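The structure appears below as structure tokens.
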Amino acid sequence: MFDTIVRHDGAFEVLEFRIGRTNDEPSFVSMRVSSATPSALTDLLEELVTLGCRVARVEDAHTAPADRDGCAPDDFYSTTNHQTFVMHNGRWTPVDRQRMDAVIVLEDGRATCRKLREIRKGNAIVCGVRGIKIVPEFQARDRLGFAFMTNEISSERRVEVGVARIAAMMRETKEAGQGIAVVAGPVLVHTGGGQYFCELIRRGFVDVLLAGNALAVHDVEQALFGTSLGVDLETGRAIEGGHRHHMRAINAIYRAGGLKPAVERGVLRSGVMYECIRHGVDYVLAGSIRDDGPLPDTVMNLIEAQDCYTEALQGVKLVLVLSTMLHGIGVGNMLPAWVRFVCVDINPAVVTKLADRGSSQTIGIVTDVGLFLRQLASAL
């Protein structure tokens, strides 16, 4: 907080400073902050609020009506992924559907995060920083279940140790009756991890699967032809004419009428999508401009796909991101900070980029996804 004030060319005077001496005793600071201009002070206060500060003078949050659909007042408060409260009618009201990069709408005594496109004319939008309180996630030195490797993303760490801890987190999540979502890229199939992921589905450790069109296409290709992008997964050799297999896989699913009809008619008898459908696992396939086909199940409208992702993530308390940077960052932006977020990728930059994009709760393992899934299935 002090660094933030100095960086904004502001000044501070500490009025009271109590340092917590245990993990159960929080620290507290009260300070007077000043800046050269009102606009500079506003910018400074906005940053301090995101760190967990709040303006000392207790008053209701200021709201202004939206003058048109999809547009907020210029000084709207932009949310973080941390637990947030707004002062309304003299009491702190928790904000529902917490996520970053949204606005807060007050309606019928409730405060809710909404994306800009969800704003409707006349909505009461929270503006400024007064009457707003953020509670950042507690960072205790003994948070054994979630603190490992938080700032130590390295390919030189023993994978087995991380896998064992993630397996323990998954067991705890299921025992608590909470949901686990997996965000996966097609590398899951390419690396031979599909069979182990199927085992996790059969054991009940996957409640939601979020992916792109490519994962499903290559999974179906592997189920129908034993190849992924024309490469035999058993021998690692390219099959003559195998480059057409993924198009034939798409064609077979189209002829059946979609993934679920393909399973019902016996066209699709194995693979990740087969196991999801057989075991009632919710899935959303979000499309992109480069998709072949795409499969009839793929949501090609980007806004609709985002909404489907958001809805599927409700009630989820643990997310595994398996080798997909684009979908991983997208899901990270949709989640509150108290949802555990694990990223597994062979590229360390993908893991660090998630944290850089604001998902500070991300923990990561740098390894091959196929190897990771094999060990995870064994650990569970």
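Give the stretch 118-143 a look and list any residue that's open to solvent by 70 Å² or more (accessible area, probe 1.4 Å) and at pLDDT 50 or above, or say none.
Across the stretch 118-143, the qualifying residues are R120, K121, R130, F138, Q139.
With the checklist (1) modelled with pLDDT of 90 or more; (2) surrounded by 12 or more Cβ atoms within 10 Å (Cβ to Cβ) in hand, flag the one item F146 doesn't pass.
Tallying (1) modelled with pLDDT of 90 or more; (2) surrounded by 12 or more Cβ atoms within 10 Å (Cβ to Cβ), F146 fails exactly one: (1).
Answer with yes or no whether Y274 is open to solvent by 20 Å² or more (accessible area, probe 1.4 Å), in contact with a strand residue (DSSP E or B) (Cβ under 6 Å, 6 or more places away or on another chain), in contact (Cβ under 8 Å) with a residue 12 or more places away in the chain and not in a loop (DSSP other than H, G, I, E, B). Explain how you work it out, then say what you get.
Numbers: open to solvent by 20 Å² or more (accessible area, probe 1.4 Å): yes; in contact with a strand residue (DSSP E or B) (Cβ under 6 Å, 6 or more places away or on another chain): no; in contact (Cβ under 8 Å) with a residue 12 or more places away in the chain: yes; not in a loop (DSSP other than H, G, I, E, B): yes.
Against the criterion (open to solvent by 20 Å² or more (accessible area, probe 1.4 Å), in contact with a strand residue (DSSP E or B) (Cβ under 6 Å, 6 or more places away or on another chain), in contact (Cβ under 8 Å) with a residue 12 or more places away in the chain and not in a loop (DSSP other than H, G, I, E, B)), Y274 does not qualify.
Inside the stretch 1-43, can you point out the residues that are part of a loop (DSSP other than H, G, I, E, B), closer than 20 Å to V129 by Cα and free of Cβ contacts under 8 Å to residues at least 24 places away in the same chain?
Hit for the stretch 1-43 is T37, nothing else.
When you go through I329, I363, I346 one by one, which is the residue that is open to solvent by 10 Å² or more (accessible area, probe 1.4 Å) and either more than 9 Å from the chain's Cα centre (by Cα) or under 19 Å from M170 (Cβ atoms) (or both)? Before you say what the answer is, go through the steps one by one.
Numbers: I329 fails: either more than 9 Å from the chain's Cα centre (by Cα) or under 19 Å from M170 (Cβ atoms) (or both); I363 fails: open to solvent by 10 Å² or more (accessible area, probe 1.4 Å).
None of the other options fit; the residue is I346.
If you go through the stretch 44-52 one residue at a time, do you hit one that is open to solvent by 50 Å² or more (accessible area, probe 1.4 Å), over 18 Å from P136 (Cα atoms), part of a helix (DSSP H, G or I) and of a type in the set (D, E, K, R)?
Looking through the stretch 44-52, none of the residues is open to solvent by 50 Å² or more (accessible area, probe 1.4 Å), over 18 Å from P136 (Cα atoms), part of a helix (DSSP H, G or I) and of a type in the set (D, E, K, R).
Here are the criteria: (1) farther than 24 Å from V344 by Cα; (2) of a type outside the set (D, E, K, R); (3) open to solvent by less than 60 Å² (accessible area, probe 1.4 Å). Tell me which single one I303 does not satisfy.
(3)
For the stretch 278-300: of the residues being over 12 Å from A216 (Cα atoms) and free of Cβ contacts under 8 Å to residues at least 60 places away in the same chain, which is least open to solvent (accessible area, probe 1.4 Å)?
Quick first cut of the stretch 278-300, residues over 12 Å from A216 (Cα atoms) only: 278-282, 288-290, 299-300.
Those left that are additionally free of Cβ contacts under 8 Å to residues at least 60 places away in the same chain: 278, 280, 289-290, 299-300.
Numbers: R278: 145, G280: 61, I289: 176, R290: 201, V299: 27, M300: 94 Å².
Per the stated criteria, the residue is V299.
Against the condition modelled with pLDDT of 90 or more, among the β-branched types (V, I, T) and in contact with an Asp or Glu (Cβ under 7 Å, 6 or more places away or on another chain), how does T4 come out, does it pass?
On the way: modelled with pLDDT of 90 or more: yes; among the β-branched types (V, I, T): yes; in contact with an Asp or Glu (Cβ under 7 Å, 6 or more places away or on another chain): yes.
Yes, satisfied.
Residues that are over 14 Å from G162 (Cα atoms): list the helices (runs of 4 or more DSSP H) wholly contained in the stretch 319-380 that include at least 3 such residues. Give the steps one after another, and end with the answer.
Values: elements: 325-334, 348-356, 369-379.
So the answer is 325-334, 348-356.
What's the number of the condition Q195 fails, among (1) within 28 Å of Q222 (Cα to Cα); (2) under 22 Å from the mean Cα position of the chain (by Cα)?
(2)
The values are calculated or read from the model by the stated rules, or taken from the named source; none is laboratory data. Only a predicted model underlies this, so the values are computations on that prediction, with no experimental measurement involved. Cβ coordinates were reconstructed from backbone atoms using ideal geometry, including for glycine residues, and neighbour counts include every protein chain displayed. SASA here: full protein model, heavy atoms, side chains in, ligands and nucleic acids out. Shrake-Rupley method; radii C 1.70, N 1.55, O 1.52, S 1.80 Å.
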